1. For LYS9, all conditions in the list (1) modelled with pLDDT under 90; (2) not in a helix (DSSP H, G or I) hold save one; what is the number of the exception?
2. Given the conditions (1) touching a residue at least 12 places away in the same chain (Cβ under 8 Å); (2) closer than 15 Å to ILE44 by Cβ; (3) basic (Lys, Arg), report the number of the one that LYS104 does not fulfil.
3. I'm trying to understand the selection: among the residues of segment 53-75, which are acidic (Asp, Glu) and closer than 19 Å to TYR10 by Cβ?
4. Would you check which residues across segment 61-78 are surrounded by 11 or more Cβ atoms within 10 Å (Cβ to Cβ) and not in a helix (DSSP H, G or I) and list them?
5. Within segment 34-63, restricting attention to residues that are at pLDDT below 80 and of a type in the set (A, V, I, L, M), which residue is farthest from PHE95 (Cα to Cα)?
6. Restricting to segment 23-44, give me the number of residues that are out of contact with any helix residue (DSSP H, G or I) (no Cβ under 8 Å at 6 or more places or on another chain) and among the polar types (S, T, N, Q).
7. For segment 117-127, indicate whether the set of residues that are surrounded by 13 or more Cβ atoms within 10 Å (Cβ to Cβ), under 22 Å from ARG23 (Cβ atoms), modelled with pLDDT of 80 or more and basic (Lys, Arg) is non-empty.
8. Of all residues in segment 1-16, how many are closer than 19 Å to ARG124 by Cβ and either surrounded by 14 or more Cβ atoms within 10 Å (Cβ to Cβ) or of a type in the set (Gly, Ala, Ser) (or both)?
Amino acid sequence: MTLLNWQAKYSVGVASVDYEHQRLIEMINELATEIEGSVYTDAIELFLGELHAAISAHFALEERAMAKADYEELEDHKADHEALLEQIRCMMDEFVADPENGRKLLQESLTNWFGQHFATFDARLHGALGE
């Protein structure tokens, strides 16, 4: 199932960051497929942990690039990263507590979650970081 497609407007102009954005989109789509087709909650829970770890690592890379470029919105962007990670942790907790409701929450939230961040904070990064 495809929840999110890579779009050129998501590019921030830094190859390593753009690559990771594309990989995270792939992971979200893989998770959506898993949620829709798997009856094994343990597999979904494991995949959620892997997605959280990948997102955390990506945010660290992005924040280092912003710091190196002396990006003026670093603190606000970093705060949004923290809020997004907290939302994922809440989705993970909800899934563990109530897998059926957690599935619905994940399906509804993942696209909006990434799309909103890409369209706002990451869109402002385009051209600001250099290579």
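1. Condition (2) is where LYS9 drops out.
2. The failed condition is (1).
3. GLU62, GLU63, GLU73
4. Hits for segment 61-78 are ALA69, TYR71, GLU72, GLU73.
5. VAL39
6. The qualifying residues number 2.
7. yes
8. Looking only at segment 1-16, we keep the residues that are closer than 19 Å to ARG124 by Cβ, and these are 6-16.
Pick out the ones that are also either surrounded by 14 or more Cβ atoms within 10 Å (Cβ to Cβ) or of a type in the set (Gly, Ala, Ser) (or both) and you get 6, 8, 10-16.
Final tally of qualifying residues: 9.
The values are calculated or read from the model by the stated rules, or taken from the named source; none is laboratory data. Every value quoted in this text rests on a predicted model; they were computed, and no experiment measured them. Cβ coordinates were reconstructed from backbone atoms using ideal geometry, including for glycine residues, and neighbour counts include every protein chain displayed.
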